Amino acid sequence: MIKQLLPAYPLFVKDPYFSVWANDEILNKGSTIFWNGLERPMYGVIWANETLYSFLGDVEDSIRLTQKSLQITAFSTDYEFESDLFSLRVSFISPLDPRDYRILSCPVCYFDYEVTPKTPIDSFKIALILDEKHCYNKKAETIIGGSFDRIQYQTAYFGLNRQYPMSHMGDSMAADWGYTYLAAKKALYCSKTALKDFYKTGELNYKHLDNEKKFLIGVDVYSNLRETVEDKMMVAFDDTCSVYYFGEWLKGYYFKDGATIFDALDEAYNDHDLILKKLDAFDLDLQERCRPFGEDYLLLNYASLRQTLGAHKLVENKDGEILFLSKECHSNGCIATVDISYPSMPFFLLYNPELLKGMLLPVFKFSKYPIWQFKYAPHDAGTFPYCIGQTYGLITHTSEHNSHLGNSIQRDRSNGQIVSHPKFYTYPKNSNIYKEENQMPIEECSNMLIMTAALLLKDGEVDLCLENFDLLKQWCEYLVEEGLIPKKQLCTDDFVMRLDKNINLSIKAIIGIKAFGIIARKLKRNYLAKWADKQAEEFSNQFHKLCNKGSHIPLTYDSDAETFSLKYNFAFDILFKTNLFDQEMLEREVDHYLEVMEEYGVPLDSRSSITKSDWQIFTCLLTKDPEKRKKIYGQVANYLRKSESRVPFSDLYYADTGKHRDFQNRTVQGAIFILLLEQEGLF
């Protein structure tokens, strides 16, 4: 019996359009999927002494190998299989070292295998097979493909005949463009008849029938197998164009200087051992960092790492700026979303702060365009893969709208409609395209100030602060005016209904003001630093008078004492060591969380059993007691091990049932690393 470790397992994960998962512990039981649940079938078979065995996918007329184990590490998902003739180990490896941009952006993943014969095997063939569903989002059209001879391997490819580069922006979608590659000792693009023949005879021959489904088949062949052999295959995805960035069409970082997908495959092939050595060193370091926190916490880190990185795209613009652009997966598809970057920040502060800078740059850039007339920070910079200006909170077209809008702003995610938008960043001043009631003013101002201050403290990033100081000051002034007792407004946790006088939002505003004080002091704007510090201290004093009374802090300033919510926004007061809030109050708060904890975690607030994994881990910082922390993150690990919702690590689920409500494959899981960030003492 293979025990569940995760609801779904990352196999090949590099970016939002190259993401293949298994949603069952037994690898040869079902189909592999895209992160959103669409089928991305892959098959793995072995021909040994005229017998067909399968280890990946459900292959008819094969002997299903017995799976003996399943393990995950930072960058790989590993399986062991047994038969009477041989044992087999396979690893699906996603090279995503956040410290090495070339490795991080090279769009190649490894399928590594090790075969140990138990008795001499005259003829042994191991094959990896990809279905044509890897070529498109939902609608199948004519598929084209072919193969190439390389020096040490062959590679086959396929994709849609009529390419649609960058043809849609949206949420839960795969690309209708690009080409998928499979590299092995022998690789072939062919029709279903050829695959059937291979299953029947073990012989791989090219056959192409227009009316049949197409496949890529990679095969390594061994004769007279007597001892253990190890080798690799590779799977790659060339998206041909990656991001539109305010007027620039950008390829992925790896391709920025003219490299091709064949360069990527050759480099990945030749540097395989060196790359794995780097990944192993990262993994060992992560294990050591997690040791004080136990196995549950290590599991959480493993579950979040590939997902956190793989929901981004790394590019470089004409000014040489590194941009690390998130896709808000399975929520609204936005690019460079501020309240997605904020929870994911701990991972990037820990391993590569320049990537955090690459998340902030597009938000600062858009904030300076005339179309953005608000005093507060925007929510996003567009919809992936287009940085065209904020697309959240748009005025949706109806017949009542005026002639200026026409039907230019249409959006209906509910029916799966493919939606694109105009280039909003080019719109003139006073173009009325946003509903102010659907903005997140306090949330996003605070997020931007806190992230910028954290980056400055960690990496001394002065230039970013100097270039955007007027914006940062403006956002702090907004928080001083509106932040202590927030008016009813949207925030990132409004899954039941938005709140008036939201205390958790007030906490974030106070820390946001203090964050501006940190920035101003580092820039030697001492008068502004003193002003911000004074405002934060005054607000903190008022907060304590209003809230530091009962056994815990209620949901809003005017709600009943029995109400509660996860006050995760205290976390950066602790990390910054700014001591705005009383530790005894925070300890009481955590004690209450433990009292209301359900089987799979602490509810987000008292209105429902919905919870968020990222915010639960943030609240661990509120207590100094390691055992209390373990109880909180231990229940999130319990969710991973028991949830019946077989989707990539969801951050929004029900604490009582473990059922996924929404959100999957989101980069917010970088929040899991916040305990390691605190342990490192980076501020």
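A compact table of results
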{"item": "Pair list, Cβ under 6 Å, 6 or more apart: the stretch 5-29 residue farther than 23 Å from Ala236 by Cα, other residue among the small types (Gly, Ala, Ser) and buried (at least 24 other Cβ atoms within 10 Å of the Cβ)", "result": "Leu6/Ala303"}
{"item": "Test: residue in the stretch 646-658 that is touching a residue at least 60 places away in the same chain (Cβ under 8 Å), under 15 Å from Asp493 (Cα atoms) and not in a loop (DSSP other than H, G, I, E, B)", "result": "yes"}
{"item": "Hits in the stretch 431-468 (condition: in a helix (DSSP H, G or I), within 26 Å of the chain's Cα centre (by Cα) and under 23 Å from Leu394 (Cα atoms))", "result": "Asn438, Pro441, Ile442, Glu443, Glu444, Cys445, Ser446, Asn447, Met448"}
{"item": "Qualifying residues in the stretch 221-252 (those that are of a type in the set (Phe, Trp, Tyr) and either closer than 22 Å to Asp131 by Cα or surrounded by 21 or more Cβ atoms within 10 Å (Cβ to Cβ) (or both)) - the one farthest from the chain's Cα centre (by Cα)", "result": "Tyr245"}
{"item": "Any hit, the stretch 230-238, residues being among the charged types (D, E, K, R), over 30 Å from Pro370 (Cβ atoms), modelled with pLDDT under 95 and in contact with a strand residue (DSSP E or B) (Cβ under 9 Å, 6 or more places away or on another chain)", "result": "no"}
{"item": "Residue selected from the stretch 209-231 under the condition of a type in the set (D, E, K, R) and in a strand (DSSP E or B), by the criterion nearest to Phe158 (Cα to Cα)", "result": "Lys214"}
{"item": "Selection within the stretch 469-510 - part of a loop (DSSP other than H, G, I, E, B) and either without any contact (Cβ under 8 Å) to a residue 40 or more places away in the chain or within 27 Å of the chain's Cα centre (by Cα) (or both)", "result": "Lys487, Lys488, Leu490, Cys491, Thr492, Asp493, Asp494, Phe495, Val496, Met497, Arg498"}
{"item": "Residue within the stretch 259-274 that is at positive phi and among the hydroxyl-bearing types (Ser, Thr, Tyr) present", "result": "no"}
{"item": "When residues of the stretch 610-627 are limited to those that are among the charged types (D, E, K, R) and without any contact (Cβ under 8 Å) to a residue 40 or more places away in the chain, the one surrounded by the most Cβ atoms within 10 Å (Cβ to Cβ)", "result": "Asp625"}
{"item": "Pairs where the first residue, in the stretch 430-451, is exposed (fewer than 15 other Cβ atoms within 10 Å of the Cβ) and the second is among the β-branched types (Val, Ile, Thr), C-beta under 6 Å, 6+ apart", "result": "Ser431/Ile371; Lys435/Ile395"}
{"item": "All helices (runs of 4 or more DSSP H) inside the stretch 251-317 with 2 or more residues being at pLDDT 95 or above, within 17 Å of Tyr351 (Cα to Cα) and of a type in the set (Gly, Ala, Ser)", "result": "295-310"}
{"item": "Residue selected from the stretch 496-510 under the condition farther than 16 Å from Tyr478 by Cα and of a type in the set (A, V, I, L, M, F, W, C), by the criterion surrounded by the most Cβ atoms within 10 Å (Cβ to Cβ)", "result": "Ile503"}
{"item": "Residue among Ala520, Ala529 that alone is surrounded by fewer than 24 Cβ atoms within 10 Å (Cβ to Cβ), among the small types (Gly, Ala, Ser), more than 31 Å from the chain's Cα centre (by Cα) and more than 22 Å from Thr619 (Cβ to Cβ)", "result": "Ala529"}
{"item": "Restricting the stretch 188-213 to residues that are buried (at least 23 other Cβ atoms within 10 Å of the Cβ) and more than 20 Å from Leu265 (Cβ to Cβ), the residue that is nearest to the chain's Cα centre (by Cα)", "result": "Leu195"}
{"item": "Single match in Lys277, Lys318, Lys313 (criterion: among the basic types (Lys, Arg), out of contact with any helix residue (DSSP H, G or I) (no Cβ under 6 Å at 6 or more places or on another chain) and without any contact (Cβ under 8 Å) to a residue 40 or more places away in the chain)", "result": "Lys277"}
{"item": "Selection count where residues are surrounded by fewer than 22 Cβ atoms within 10 Å (Cβ to Cβ), modelled with pLDDT of 95 or more and not hydroxyl-bearing (Ser, Thr, Tyr), scope the stretch 653-664", "result": "1"}
{"item": "Residue check for Tyr153: surrounded by fewer than 22 Cβ atoms within 10 Å (Cβ to Cβ) and touching a residue at least 24 places away in the same chain (Cβ under 8 Å)", "result": "yes"}
{"item": "Considering residues of the stretch 632-652 that are out of contact with any helix residue (DSSP H, G or I) (no Cβ under 9 Å at 6 or more places or on another chain) and over 19 Å from Val20 (Cβ atoms) only, the residue surrounded by the most Cβ atoms within 10 Å (Cβ to Cβ)", "result": "Ser643"}
{"item": "Candidate set from the stretch 84-108 (those that are touching a residue at least 60 places away in the same chain (Cβ under 8 Å) and among the basic types (Lys, Arg)); member that is surrounded by the most Cβ atoms within 10 Å (Cβ to Cβ)", "result": "Arg102"}
{"item": "Some residue of the stretch 217-227 being in contact with a helix residue (DSSP H, G or I) (Cβ under 7 Å, 6 or more places away or on another chain) and either closer than 27 Å to Ala311 by Cα or without any contact (Cβ under 8 Å) to a residue 12 or more places away in the chain (or both)", "result": "no"}
{"item": "Residue in the stretch 561-571 that is modelled with pLDDT under 95 and surrounded by fewer than 24 Cβ atoms within 10 Å (Cβ to Cβ) present", "result": "yes"}
{"item": "Tally, over the stretch 155-212, of residues that are basic (Lys, Arg) and within 14 Å of Glu132 (Cα to Cα)", "result": "1"}
{"item": "Tally of residues being touching a His at 6+ places or on another chain (Cβ under 8 Å) and more than 13 Å from Gln664 (Cβ to Cβ) across the stretch 307-348", "result": "7"}
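Listed here are the residues, each with its yes/no results for (1) in a helix (DSSP H, G or I); (2) surrounded by 13 or more Cβ atoms within 10 Å (Cβ to Cβ); (3) modelled with pLDDT of 95 or more; (4) of a type outside the set (A, V, I, L, M).
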residue: Gly389; (1), (2), (3), (4): no, yes, yes, yes
residue: Ser399; (1), (2), (3), (4): no, no, no, yes
residue: Ser408; (1), (2), (3), (4): no, yes, no, yes
residue: Arg411; (1), (2), (3), (4): no, yes, no, yes
residue: Gln417; (1), (2), (3), (4): no, no, no, yes
residue: His421; (1), (2), (3), (4): no, yes, no, yes
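The values are calculated or read from the model by the stated rules, or taken from the named source; none is laboratory data. All values reported here derive from a predicted model rather than from experimental measurement. Every residue, glycine as well, gets a Cβ built from its backbone with ideal geometry; the counts of neighbours run over all protein chains shown.
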